[in-house]
1. Report the full-extension gain for the segment Ala127 to Lys67: residue separation times 0.36 nm, less the Cα-Cα distance, to one decimal in nm.
2. With 24 Å as the limit, write out which pairs from Lys33/Lys67; Lys87/Lys224; Lys46/Lys67; Lys126/Lys216; Lys21/Lys46 have Cα-Cα distances beyond it, or answer none.
3. At a Förster radius of 25 Å, what calculated FRET efficiency corresponds to the Cβ-Cβ distance of Asp206 and Asp5, to the nearest 0.05?
4. What FRET efficiency, computed as 1/(1 + (r/R0)^6) with R0 = 30 Å and r the Cβ-Cβ distance, is obtained for Arg182 and Ile241, rounded to the nearest 0.05?
5. How large is the dipole of the chain about the Cα centre if only Lys and Arg carry +1 and Asp and Glu carry -1, each at its Cβ, rounded to the nearest 20 debye?
6. Starting from the stretch 19-97, pick out the trypsin sites (Lys or Arg not before Pro) whose DSSP state is loop and whose Cβ has at most 12 other Cβ atoms within 10 Å.
7. Grab the DSSP H runs of the chain that are 4 residues or longer, score each as -39,500 (n - 2.57), total them, divide by all residues and round the 222 nm result to the nearest 500 deg cm²/dmol.
8. For the pair Gln89 and Leu142, how long in nm is the line joining their label points, each one 7 Å along Cα→Cβ?
Amino acid sequence: MSNTDFALAVEDLTVSFDGFKAIDALTLYVDKKEMRVIIGPNGAGKTTLLDLICGKTQASAGSIKFKNTELTKLAEHKRVRLGIGRKFQTPSIYENLSVFQNLEVSFPAGRSVFGALAFQCTDEVKARVQEVATDIHLADRLDTEAGLLSHGQKQWLEIGMLLMQEPELLLLDEPIAGMSARERELTAELLQRICANRAVIVIEHDMEFVKRIAHKVTVMHQGKILAEGPMEQVQADPKVIDVYLGH
Ligand code: ADP
Ligand code: MG
């Protein structure tokens, strides 16, 4: 297969922090419309891998290809424009804006939050906000100040802000942290719907959740891939039990 058959092709990727290789010659291919879950012990390099893909951290060596474009030398905002959306562990929403406004400012037109407030809300934007709000279960909360939402709803809102830009690759770092059982359930459904037309890479610790959503699981350890495959295979792998699942 050529690299264009994948949503993302990561090859021999390495990053060193003062000589310590947080990611060490890692190779990973994600298919189009695949839901890939990355698991592994703390410090394995999972977050750093997402940082390298979205451009928050610069690679020391190796390649990351997305839509036939080499990403490693591209600035973070250019990767966003190419179609990469990244959700960090802590939701970064505008707490004192409404749900509607948070989604509106995320509509892609390169606007700042201040510019967008002055921006005349077109029917197109309104329709898109409505559509995304329905997806993230916040259609009846459009006028609520974002700071008043539950922790789980804030996580959804941030996913919604990313969906406003219709990313082709979505990177999510522990999206269900702090959620209730019901919210986890709804998030699993949401991610499955999102993945119907884009690739999604999710870092997660909750094995029930992983089992539910993953097409394939990648297990990381010390900046490398320890195992990769369907959940049942990875779960039964003695190496994986030894460094991660057995604890
Ligand atoms: P995980 O998300 O799997 O828990 P991380 O990617 O956060 O792991 O971290 C992997 C390793 O890289 C850790 O040892 C961490 O301390 C180190 N690390 C991450 N970012 C930096 C940085 N900017 N500078 C130095 N060390 C870092
Ligand atoms: Mg992490």
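The values are calculated or read from the model by the stated rules, or taken from the named source; none is laboratory data. All values derive from a computational prediction rather than experimental measurement. Cβ sites come from the backbone with ideal geometry, for glycine too, and all protein chains shown count toward neighbours. Just the protein is used for accessible areas: all its heavy atoms, side chains included, with ligands, DNA and RNA removed. Shrake-Rupley method; radii C 1.70, N 1.55, O 1.52, S 1.80 Å.
1. On the way: separation 60, 0.36 × 60 = 21.60 nm, distance 2.81 nm.
Length gained, Ala127 through Lys67: 18.8 nm.
2. Lys126/Lys216, as the Cα separations exceed 24 Å there.
3. Numbers: r = 31 Å, r/R0 = 1.23.
Given R0 = 25 Å and the Cβ-Cβ separation, E is 0.20.
4. Numbers: r = 31 Å, r/R0 = 1.02.
The formula returns an efficiency of 0.45 here.
5. Values: 28 positive and 34 negative charges, 94 e Å.
Magnitude of the dipole: close to 460 debye.
6. Values: sites: Lys21, Lys32, Lys33, Arg36, Lys46, Lys56, Lys65, Lys67, Lys73, Lys78, Arg79, Arg81, Arg86, Lys87; in loops: Lys32, Lys33, Lys56, Lys67, Lys73.
Listed in order of number, the matching sites are Lys73.
7. Using -39500 (n - 2.57) per qualifying helix, the result is -9500 deg cm²/dmol.
8. Going by the 7 Å Cα→Cβ label model, 3.5 nm.
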